[in-house]
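Structure first, commentary second.
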Amino acid sequence: RANASRAVPLSIPAAGVSRCPRSYSSEPTKEKNVPYERTLKPEGGSSGPSKPLPRAADVVVVGGGSLGCQTLYHLVKMGLTNAVLLERDRLTAGTTWHTAGLLWQLRPSDVEVELLAHTRKVVSQDLEAETGLHTGWIQNGGLFIASNRQRLDEYPRLMSLGKVYGIESHVLSPAETKDLYPLMNVDDLYGTLYVPKDGTMDPAGTCTTLSRAASAGGATVIENCPVTGIRVGADDLGVKRVKAVETPHGTIETPCVVNCAGVWATKLGQMAGVKVPLVAMHHAYVVTERIPGIQNMPNVRDHDASVYLRLQGDALSVGGYEHNPIFWDEVSDKFAFSLFDLDWDVFMQHIEGAVNRVPALEQTGIKSTVCGPESFTADHKPLMGEAPEVRGFFLGCGFNSAGMMLGGGCGRELAHWIIHGRPERDMYGYDIRRFHNSLTGNQRWIRERSHSYAKNYSVVFPFDPLASRNMRRDPFHQVLTDQGCVFQERHGWERPGWFNKDGPAPVKGYDYYRAYETKKNVNYRYQELLGREYTFDFPPHHDVIRSECLSCRGVAVFDMSYFGKFYLTGPDAKKAADWLFTADVNKKPGSTVYTCMLNRGGGAEDLTVSRLEPGAANLAAGFPGDAYYLAIGGGVAEHNWNHIQTVLQDQGLRCQLADHSEDMGMISIQGPKSREVLQEVLDADLSNDAFPFSTHKVVSAAGHQVRAMRLSFVGELGWELHIPKDACLPVYHAVMAAGAKHGIINSGYRAIDSLSIEKGYRHWHADLRPDDTPLEAGLAFTCKMKTSIPFQGRDRLEKQKEEGLKRRIVCFTIDEKVPMFGLEAIFRNGVPVGHLRRSDYGFFIDKTIGYGYIRNPDGGVVSAEFIKSGEFSLERMGVTYKAKAHLKTPFDPENKRVKGIY
């Protein structure tokens with residue numbers, strides 16, 4: 001099984017290994033074997049499919065790795081048995097067969113914790129109970145290493161989240177770690193996080209058992225059957241849909257294809273005209289000779305050394321994530337059960353960290369090397385869900401070397417997505433629609449962002465990437481840069497984060513952390529400012545954000561141009577608006593309504609909808625009949641665009657959705673003095689009677705036509721100005737000139753985060769997600785339940801209202817001045833009942849504020865009395881703080897300020 005002819009010390013490369021110049025790609029070499037008990041490689045070759053192809057199937061899954069097998073298994077479990085899995089070679093032949101197979105239960109994401117828990121349950125319990133076969137699951141525990149203070153601070157955060165989900169974990173001292181793992185060097189440790197029920201999976205055993213269970217349920221698994229084409233056709237409305245899958249051995253008619261092709265997923269997508277934004281890279285580990293005393297030790301992740309140590313019987317597998325990974329640019333279709341030669345110049349960076357952590361490795365030989373392809377994505381999260389380009393084409397790929405551990409949870413969600421039109425959990429972070437369509441085909445963006453592989457083991461802070469910046473910039477970008485704007489990147493947009501008082505801090509081109517002989521960015525102020533944010537304490541510029549927030553209690557201007565700006569028009573526009581939106585948006589023209597949209601399970605998206613005057617000039621054009629202007633947070637704009645399009649298609653509605661996000665800017669002027677400032681700029685009466693809250697008008701500003709909306713996302717009197725691109729700078733300069741005597745300042749999204757949480761406004765995908773209903777989120781006022789108008793998801797809300805809420809969002813404040821970031825555990829009377837989704841500091845009330853959803857431990861209704869009668873506490877970094885629960889926002893609970901009442 002070994003491919004090294006003799007043992008050599010781990011501290012030097014094998015004899016005879018040449019040190020080649022660095023390259024971005026290399027060809028596969030002769031076969032090598034991974035050190036598992038078995039693989040699914042056949043003894044003899046086979047030239048034809050392992051089974052006859054059916055004429056038709058409800059679903060065809062392409063790819064027989066972890067995700068393909070898990071998805072097929074869960075489709076069958078959910079009752080869809082007319083499903084086929086096609087594998088071009090044998091199961092696991094692509095990337096799954098050589099995976100390390102590690103499973104860690106704790107992640108800084110509640111959704112990922114749930115996904116991992118399901119994988120663990122399937123592999124360690126369900127499959128063996130169903131089939132009588134052992135999958136190869138080994139529960140030997142997991143250790144996370146902390147060799148600096150910041151890392152140690154992260155572990156109690158993970159431990160707190162684990163308490164909510166019943167995951168046993170312990171933060172150990174260096175001495176306790178040494179007792180657990182005697183071969184470990186603990187001299188440079190601050191501590192470790194120990195999770196006893198972590199473990200490892202065997203890819204061959206898992207995939208064999210999954211395929212047998214799926215086949216027993218009625219599914220068909222066909223090996224040695226490559227896909228050569230995806231047939232796509234247009235329906236009566238011109239919508240592209242999957243029609244069939246073509247192979248050299250026949251065609252299968254199907255309305256649904258699932259792309260689980262891993263590294264080869266991009267090529268499969270191209271067959272259907274679907275963009276799959278991932279790259280292939282070499283990913284390596286080495287397996288040592290026998291190490292006395294290593295048996296039964298936990299697996300180890302030494303994040304700061306970017307290395308992992310996986311128990312392999314009486315040896316270790318050693319691997320990690322390099323700062324200079326090798327890209328595999330010419331992906332080969334003939335690559336099966338194959339590996340690359342290991343490039344020691346690249347891999348050696350892991351050896352020092354491994355030897356430092358387990359010194360016995362320095363005198364241990366290498367038994368085998370494993371260097372295979374893996375797929376990586378722009379944000380190191382998988383690509384899932386229905387592709388925007390073609391209905392019926394689903395993605396389940398791009399798993400960033402985590403396909404085994406996430407496979408069970410993601411396979412179940414993908415199966416639910418296919419059958420029911422949506423996943424059960426909040427899968428937005430994995431949904432292909434999280435990326436703007438202008439980015440998914442941009443090779444610079446994909447390559448630079450996917451290089452975040454190098455940062456895979458970094459502490460998870462709410463910071464911004466340095467790669468692929470300045471992709472989408474609004475007209476205010478340069479003038480704000482000159483004024484010291486520190487930008488955040490969101491979905492390709494550069495949006496203002498906060499304003500540095502020490503001058504400009506422009507974003508420079510990506511330097512790949514000096515890999516590939518790129519020149520390091522020097523005197524890079526922006527990177528220095530981001531680096532100071534890598535803390536679980538208040539950042540150094542906490543006082544700057546405080547100043548921006550409190551200035552808004554006078555007057556401040558926010559550049560919110562990254563918002564999505566859509567027009568919904570056409571003969572069925574009113575019918576579409578009634579069905580799409582939870583609120584009654586068909587008020588008189590000139591009204592603006594905050595509303596939700598619901599998915600089929602009643603989960604929410606939020607936006608504002610303005611009804612337009614039929615036929616009137618509406619900045620974009622004059623629209624006959626009913627027309628609506630939609631303003632949507634930029635982070636969810638692409639997601640909402642696809643949601644609306646899907647609903648229009650499924651309902652057969654004759655509507656057009658036009659995207660004007662790029663050719664319009666938007667600034668928001670907020671605060672008690674906003675009326676005085678804007679009265680000098682706009683040619684309209686801004687009094688309460690003439691321009692009430694939640695209305696809009698097309699007015700003149702500095703000689704340009706703009707749409708003014710009286711709205712607020714910060715809880716103050718204020719207006720948004722939606723401005724054609726060419727007019728943005730003249731209008732901005734006019735506003736700043738008029739506001740000078742009132743002390744107007746620029747503010748950024750860090751201030752918006754604080755101000756909005758202080759007011760209790762919901763942030764989508766933090767306080768409000770696709771698995772939250774408006775009733776649970778405290779947004780019942782957005783739902784037209786008192787009318788007879790049907791809307792998508794109404795039946796789910798009516799049922800929930802009748803049964804009572806089993807979970808609901810609650811606001812918490814604490815008196816101690818400590819920062820919180822979300823994921824902190826919520827306890828009621830000492831029992832965990834949930835965790836914070838979002839937290840920030842409220843500068844006006846001078847307290848830390850958090851919002852989280854809580855449940856009744858007994859499974860009963862979460863009533864107002866249940867909240868009032870409980871004693872609550874929040875656990876931060878392992879420390880518990882007494883918390884006060886609020887049924888209403890502690891800031892302006894009577895909502896006077898937005899109405900101009902001060």
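Among 784-793, 184-193, the peptide with the highest mean count of other Cβ atoms within 10 Å heads the list, and the full ranking is 184-193, 784-793. Relative to the dominant Cα principal axis of the chain, helix 66-77 is inclined by about 70°.
Extending 7 Å from Cα along the Cβ direction at Lys520 and again at Ser788 yields two label points whose distance is 7.3 nm. Net charge in the neighbourhood of Phe435 (other residues with Cβ under 13 Å of its Cβ; Lys, Arg +1, Asp, Glu -1) is +2.
Radius of gyration (Cα atoms) of the range 612-753, expressed as a multiple of 2.2 N^0.38 Å: 1.13. Between the residues His643, His491, Gly199, the greatest Cα displacement towards the positive end of the dipole of the chain, with unit charges on the Cβ of Lys, Arg, Asp and Glu, is found for His643. On the basis of the beta-carbon distance and an R0 of 51 Å, Asn148 and Asn82 show a calculated FRET efficiency of 0.40.
Across the chain, Cα pairs under 8 Å and at least six residues apart give a relative contact order of 12 percent.
Among the GluC sites (Glu not before Pro) in the range 830-897, those placed in a DSSP loop whose Cβ has at most 12 other Cβ atoms within 10 Å are Glu871, Glu894.
Counting only protein heavy atoms and a probe of 1.4 Å, the accessible surface of the chain is 49% carbon and sulfur. For the range 798-863 versus the range 99-114, the spacing of their alpha-carbon centroids is 24 Å. Separation of the range 716-735 and the range 208-252, taken as the distance between their Cα centroids, equals 52 angstrom.
Per the Debye formula on identical point scatterers at the alpha carbon atoms of the range 718-859, with no solvent, log10 I(q)/I(0) at q = 0.10, 0.19 Å⁻¹ is -0.52, -1.12. Here the Karplus curve 6.51 cos²θ - 1.76 cosθ + 1.60, taken at θ = phi - 60°, turns the phi angles of the range 498-509 into couplings of 7, 10, 7, 6, 8, x, x, 9, x, 7, 9, x Hz, with x standing for Gly and Pro. Computed from label points 7 Å out along Cα-Cβ, the spacing between Gln125 and Lys197 is 0.8 nm. In terms of packing, defined here as the mean over residues of other Cβ atoms within 10 angstrom, the peptides 66-72, 343-349, 650-656, 635-641 line up highest first as 66-72, 635-641, 343-349, 650-656. The residues of the range 106-249 present an accessible area of 38 Å² per residue when probed at 1.4 Å with all protein chains retained. Distance from the Cα centre of the range 70-84 to that of the range 502-535, in angstrom? Each part's Cα centre sits 48 Å from the other's. If both residues of a DSSP beta bridge must be in the chain, then about 85% of such bridges are antiparallel.
Note the direction-averaged projected area, equal to a quarter of the hull surface, for the Cα convex hull of the range 131-186, in nm².
5.7 nm²
List the relative contact order of the range 73-213 as a percent without decimals, with contacts defined as Cα pairs under 8 Å and 6+ residues apart. Please list the in-between numbers first.
Numbers: 179 pairs, mean separation 50.2, N = 141.
Relative contact order for the range 73-213 comes out at 36 percent.
At 222 nm, what helix-only mean residue ellipticity would the chain give, in deg cm²/dmol to the nearest 500, using -39500 (n - 2.57) for each DSSP H run of four or more? Calculated at 222 nm, the ellipticity per residue is -7000 deg cm²/dmol. Among beta bridges from DSSP that stay inside the range 760-902, the antiparallel ones total about 95%. Placing a label point 7 Å from the Cα of Val818 along the Cα-to-Cβ direction, the residues of the range 827-851 with a backbone N closer than 13 Å are 848.
Calculated translational diffusion coefficient of the chain (37 °C, 0.692 mPa s; Stokes-Einstein with Kirkwood radius over alpha-carbon pairs) equals 113 µm²/s. The H on the amide N of Cys596, modeled in the peptide plane, is under 5 Å from the matching H of Thr582, Ala583, each at least 5 residues off or on a different chain.
Rounded to the nearest 0.05, what FRET efficiency do Asn185 and Asp304 give with R0 = 22 Å and r taken as the Cβ-Cβ distance? Could you check? Calculated transfer efficiency: 0.95.
Enumerate by residue number the GluC sites (Glu not before Pro) in the range 297-378 meeting two conditions: DSSP loop (anything except H, G, I, E, B), and at most 12 other Cβ atoms within 10 Å of the site's Cβ. All intermediate terms of the calculation are to be shown ahead of the outcome.
On the way: sites: Glu322, Glu330, Glu352, Glu362, Glu374; in loops: Glu322, Glu330.
The qualifying sites are Glu330.
Subtracting the Cα-Cα distance of Val861 and Lys41 from their residue separation scaled by 0.36 nm leaves 289.9 nm.
What shape does the range 208-285 have by the C-alpha gyration tensor, where a ≥ b ≥ c are the square roots of the eigenvalues, rounded means a/c under 1.5, and otherwise prolate means a/b greater than b/c and oblate the rest?
It is oblate, given that a/c is not under 1.5 and a/b is not larger than b/c.
With both labels modelled 7 Å from their Cα along Cα-to-Cβ, the Gln651 to Glu798 distance reads 1.6 nm. Between Gln363 and Ala175, the contour length at 0.36 nm per residue exceeds the Cα-Cα span by 65.2 nm. Using the Cα coordinates of the range 329-452, the gyration tensor eigenvalues translate into equivalent-ellipsoid semi-axes of 34, 18, 15 Å, sorted from longest to shortest. The packing ranking of peptides 287-300, 402-415, highest mean first, is 402-415, 287-300, where packing means the average number of other beta carbon atoms within 10 angstrom of each residue. Using the Cβ-Cβ distance between Phe693 and Thr880 with R0 = 35 Å, the FRET efficiency computed as 1/(1 + (r/R0)^6) comes to roughly 0.30.
Relative to the dominant Cα principal axis of the chain, helix 149-164 is inclined by about 80°.
Average projection, convex hull of the Cα set of the range 43-132: 7.9 square nanometres.
The values are calculated or read from the model by the stated rules, or taken from the named source; none is laboratory data. On a predicted model such as this, the values are computed, not experimentally measured, just so you know. Cβ coordinates were reconstructed from backbone atoms using ideal geometry, including for glycine residues, and neighbour counts include every protein chain displayed. For accessibility, only protein heavy atoms count, side chains too; no ligands or nucleic acids. Shrake-Rupley method; radii C 1.70, N 1.55, O 1.52, S 1.80 Å.
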